[in-house]
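K.L.:
First the structure, then my questions, so here it is.
The values are calculated or read from the model by the stated rules, or taken from the named source; none is laboratory data. Note that the structure is a prediction, hence the values are computed from the model and not measured. Backbone-built Cβ (ideal geometry, glycine too); neighbour counts: all protein chains shown.
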Amino acid sequence: MKTIRRRHKKTTKSVALHLRNHTIKLLEERANIIRQSIIEMLAEAGSGHTAGALGMADVFTALYFHILNHQPQKPNWEDRDRVILSNGHICPVQYASLAYAGYFPVSELLTLRKFGSRLQGHPHRESLPGIETTSGPLGSGLSQAAGIAYAARMDGKKFRTYCLMSDGEQDEGNTWEAVMFVGKNKLSNLTVIIDRNNIQIDGVTENIMPLEPLEDKYKAFNWHVISISGHNFREIISAIEEAKKNYEKPTVIIAHTIPSKGVKAIEGDYRWHGKPPTPEEAVRFLEGFRL
Amino acid sequence: MPINPKAKLAKDVLNVKTIKRVATRDGYGQGLLESGTRDKRVVAVCADLVESTRTEDFAKKFPDRFIEVGVAEQNLITVASGLASYGKIPFAASYAAFSPGRNWEQIRTTICYNNVPVKIVGSHAGLSVGPDGATHQAIEDIATTRVLANMTVISPSDMNEAYKATLASVTTSGPVYLRLCRENTPVFTTSKTPFKVGRAEIFFDYKGKPDVVIVATGPLVYEALIAADILEKQGRKVRVLNLHTIKPIDKVALIKSAKDAGAIVTVEEHQIYGGMGSAVVEVLSQSYPVPVEFIGINDKFGESGQAKELLEKFNLTAPSIVKAAQRAIRRKS
């Protein structure tokens, strides 16, 4: 096992070259299975959010199949790592990850958004095992994650809390109240991953409400900042490992992602933020994974 | 003596000159301290109002279980949500105008729909905040909290009841809203006065059937007692019901009151629209409709002034309650 260092943009970080190529290949295959499920789920539901769910498939796969200390058969195990999905609208990627990790049957995925389903349109804590917080309305996830991380530190618990946020919800006031709070309290047991896909419902983030320089904003609030490609498993995993080693500051990982990653025909198109594929489109999109 | 002896109210309860006056928020402060001593899961979160929400004593005694979030009511509630989903029992305190005022959607989604046991403490409710004026006078908070599924809403009538309500909040599962007031108001209940979440208490009654029942909540329960005393001297038979828990509402006590008296007056320091009186009528209209007169704020904002001046201007004191009772009785025939 060896670790080397290389430059990535402005940030220096160790890249997890100790991971075997075989491990990476398995994760990539898993992420593509999750992507295919997302397409099937959304087409079957007839509504939902495609771009963000596909774009975050690699990050979710890295979390649920490599990073997390969890027991899917015991979803309420008290020492489990917590995953707080703040931008609840990308829940198809979380649902698919949870199902393949063993929290509930994979066959249930196709009930997404349907009457009587545990897979609500936006996640509901009491409905589905593995969901820590009800979410959907943007900007409230980070402070809930902060509350959990704070309580864990009070009780001397060693588990880690991961909060997944969108870039669009950086527009919310509640987000920055939480950013200040986490910085003040040096919650180094909390790691945030921002899906920096540059789109939101009405268009490109830098047109709707410019976020840059986003790294500098977090640094100014006393966070440790790492920028990575959200589609490179070595970068995702090494960034999270780097965050675990930081006992001084909370870490935000700005994961640059491509909206709808994996489906070439629609990659990067903001219009796919909030719509599902039609059954015909789904067939075409799925064929792309079998080439 | 029509003061209900079982209510074990203070001696000389109707002597307005000698009765002790302490704010309900002080009862909360003592209750929070006691709750913290009894249960280690209790934590306090505050938004830059430690002294005036009476979170101070807890913060001093349990500094490791006190969290200051600054002037950030949305963060106040959402951090509390996280603490509760981990397993803590957080009391999240601010002024009612801001919490549940500014952060209502966060309360809806992350507390109530999430169904976690956060105890939301809204101090400085009602007009009696006084000189600060309308911006700081929460007169809509009963409406905005009782409409939320899973929420319990408690509006204590005095300091002793606020103390008991705080302790009871810890053992009440799920979200609770505690409505507190800034102004020093009569301490007319005692440590022995019965208190159970969801059960209205009869404070003033006759053996026979009353002519009218006054249903009151918060410190105005005392005004209702004074009004009942005046009405009694006029030869009227009156029952006063302390409806400290607005949700879940005590349907049994309300329907019995309607059947016994055939006329109701509701009294609250809150908007009439959507408030406690509306909640009472929601029950009665489905089960036993009788004439109801509302004492409350009639679709207006408050203003600066002393608490007493404002309560009089907005017709929330005993003389207005007496007139409302007379109207309700007249409407019976």
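K.L.:
Return the residues of segment B:27-40 that are surrounded by fewer than 18 Cβ atoms within 10 Å (Cβ to Cβ) and either in contact with a Lys or Arg (Cβ under 7 Å, 6 or more places away or on another chain) or outside any loop (DSSP other than H, G, I, E, B) (or both); say none if nothing qualifies.
P.N.:
Residues satisfying the conditions are B:34, B:37, B:38.
K.L.:
Of these, A:127, A:117, which one is surrounded by fewer than 24 Cβ atoms within 10 Å (Cβ to Cβ), in a loop (DSSP other than H, G, I, E, B) and in contact with a Lys or Arg (Cβ under 7 Å, 6 or more places away or on another chain)?
P.N.:
A:127
K.L.:
Hey, another quick one. Taking the options B:214, B:230, name whichever one is surrounded by fewer than 24 Cβ atoms within 10 Å (Cβ to Cβ) and at pLDDT 95 or above.
P.N.:
Unique residue meeting the criteria: B:230.
K.L.:
Which residue out of B:129, B:147, B:153 is crowded, with 23+ Cβ neighbours inside 10 Å, over 12 Å from the mean Cα position of the chain (by Cα) and among the β-branched types (Val, Ile, Thr)?
P.N.:
B:129
K.L.:
Is it true that residue A:153 is assigned to a helix (DSSP H, G or I) and either at pLDDT 95 or above or under 19 Å from residue A:79 (Cβ atoms) (or both)?
P.N.:
yes
K.L.:
Test of understanding: among B:245, B:317, which residue is within 18 Å of the chain's Cα centre (by Cα), buried (at least 23 other Cβ atoms within 10 Å of the Cβ) and polar (S, T, N, Q)?
P.N.:
So the residue among B:245, B:317 that is within 18 Å of the chain's Cα centre (by Cα), buried (at least 23 other Cβ atoms within 10 Å of the Cβ) and polar (S, T, N, Q) is B:245.
K.L.:
With the structure loaded, tell me whether residue A:84 is in contact with a Gly (Cβ under 9 Å, 6 or more places away or on another chain), within 30 Å of residue A:177 (Cβ to Cβ), crowded, with 24+ Cβ neighbours inside 10 Å and facing chain B (nearest Cβ under 7 Å) or whether it fails that test.
P.N.:
No: the conditions fail for residue A:84.
K.L.:
Next up: In segment A:189-202, is there at least one residue being away from every other protein chain (no Cβ under 12 Å), among the basic types (Lys, Arg) and part of a loop (DSSP other than H, G, I, E, B)?
P.N.:
Looking through segment A:189-202, none of the residues is away from every other protein chain (no Cβ under 12 Å), among the basic types (Lys, Arg) and part of a loop (DSSP other than H, G, I, E, B).
K.L.:
Within the bounds of segment B:116-127, is there any residue that is at negative phi and out of contact with any Ser or Thr (no Cβ under 9 Å at 6 or more places or on another chain)?
P.N.:
yes
K.L.:
Report, by residue number, each residue of segment A:125-150 that is more than 7 Å from chain B (Cβ to nearest Cβ), modelled with pLDDT of 95 or more and within 17 Å of the chain's Cα centre (by Cα).
P.N.:
The answer is A:130, A:131, A:138, A:139, A:141, A:142.
K.L.:
Restricting attention to segment B:248-274, which residues are of a type in the set (S, T, N, Q) and within 17 Å of the chain's Cα centre (by Cα)?
P.N.:
Once the filter is applied, which keeps residues that are of a type in the set (S, T, N, Q) and within 17 Å of the chain's Cα centre (by Cα), segment B:248-274 yields B:266, B:271.
K.L.:
Taking residue B:7, is it within 13 Å of another protein chain (Cβ to nearest Cβ) and crowded, with 18+ Cβ neighbours inside 10 Å?
P.N.:
In short, no.
K.L.:
Would a scan of segment A:238-247 turn up a residue that is closer than 12 Å to residue A:39 by Cα and in a loop (DSSP other than H, G, I, E, B)?
P.N.:
no
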